[in-house]
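Below is one structure; the comments refer to it alone.
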Amino acid sequence: MDDKIKVGLIGEFPTDVNCIKSLLIKKYPDIHWFPLIQDVHGSMLENQHIKHTLRKQYEVSKPQVVIFIRDLDSNEEDEIMMKKRLDYLREFNRVVNGRGHLLLNIQELEAILLTDVSILNKKYGSNLEKIEDCMSIKSPKDYIRERIGKYTTGDNEELFAKYDFGYVVTNCRYFKKFIEEVHPKFMRN
C-alpha cells in the first residue's frame, strides 16, 4: 500500500464519502481511498473543532490528495453560495497544505443519481424520464422522492455502486470538471 497514492475524503455525511468513493474507485482502483474524518454531518464541516481534527488526521495519514465533498445547495449561478463554498475550500485547504480539491455537487449529491435514471427505474420499478442536465433540477433529492415514494437517501450507497463512472462523467458537467482537475494528481508516481 505504500506505493499507492493516498486520497483522503471528507464530506457532509459518511454516506456521501462512500458514494463518491464507489464511483472513483471504478476509474482509479489502484488508489487508496479513505475518509479523513469519521461521522461528520452537514455544517459540522465548517467548525473549528473539525479543522483541528482534520489537521491531526492529515498529519497521521499523509494523503497526497484531499477531496472535500460539498453540496452547493443551489444552482451554479448562485454567486453567494459559490463564494461561501470556495471560501470554505481556501480556509480548509490551508489545513491540508494546499492538497485539497473541492467536489462541489451542484444542488446536491443526488444530482448524480439523475445522470442515469434507468438505475432508479430498475431498483424502484418507476418510470422516470431521462434528464438532459442533472444540474438543472432544483433539489434532486426531493425530485426523486416526489416521483419515487420508496426512495430513501439510505439507498444511495447501493445506488451509486451501480453507476458507470464514464457515464456519470459524460452526463454531469460538474463531475466532469472535477475529474479534469484531479486526474493529473491521480496519475502521479
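Of note:
- Loop-resident sites, segment 14-110, for GluC sites (Glu not before Pro), counting at most 16 other Cβ within 10 Å (DSSP): Glu76, Glu77
- Summing charges over all other residues whose Cβ lies under 13 Å from the Cβ of His101, with Lys and Arg as +1 and Asp and Glu as -1, gives +4.
- Alpha-carbon centroids, segment 110-162 and segment 47-92: separation in whole Å: 26
- Counting all C-alpha pairs of segment 1-133, share separated by more than 26 Å (%): 28
- The stretch between Asn127 and Thr15, if pulled fully straight at 0.36 nm per residue, gains 37.7 nm over its current Cα-Cα span.
- Average projected area [Cα convex hull, segment 1-42], square nanometres: 2.8
- Taken along the Cα-to-beta-carbon direction at a fixed 7 Å, the label points for Arg90 and Lys4 span 3.5 nm.
- Amide hydrogen neighbours beyond the local backbone of Val65, cut-off 5 Å, H modeled: Lys6, Gly8
- 13 Å beta-carbon shell around Leu120, net charge (K/R +1, D/E -1): +2
- Along principal axes, Cα extents of segment 86-189, largest first, whole Å: 46, 28, 23
- Selected from Ile144, Ile112, Pro35, residue furthest toward positive end of dipole (the chain; charges at beta carbon): Pro35
- For segment 81-189, applying the loop criterion from DSSP together with a ceiling of 11 other beta carbons within 10 Å to the trypsin sites (Lys or Arg not before Pro) yields Lys130, Lys138, Lys150, Arg188.
- When you count the other C-beta atoms within 10 angstrom of each residue and take the mean per peptide, 13-20, 48-55 line up highest first as 13-20, 48-55.
- Acute angle (nearest 10 degrees) that the helix 48-61 long axis makes with the longest principal axis of the chain, alpha-carbon atoms: 70
- Radius 12 Å from Cβ of Ile50, net charge of other residues (Lys, Arg +1; Asp, Glu -1): -1
- Two-decimal log10 I(q)/I(0) for segment 11-89, as the Debye equation yields it once each C-alpha is a single scatterer, q = 0.16 Å⁻¹: -0.69
Read-outs throughout are calculated quantities, based only on the coordinates presented, and are distinct from any laboratory measurement. The structure presented is a predicted model; accordingly, all values stated were derived computationally and were not measured. Virtual Cβ from ideal backbone geometry, glycine too; neighbours counted across all protein chains shown.
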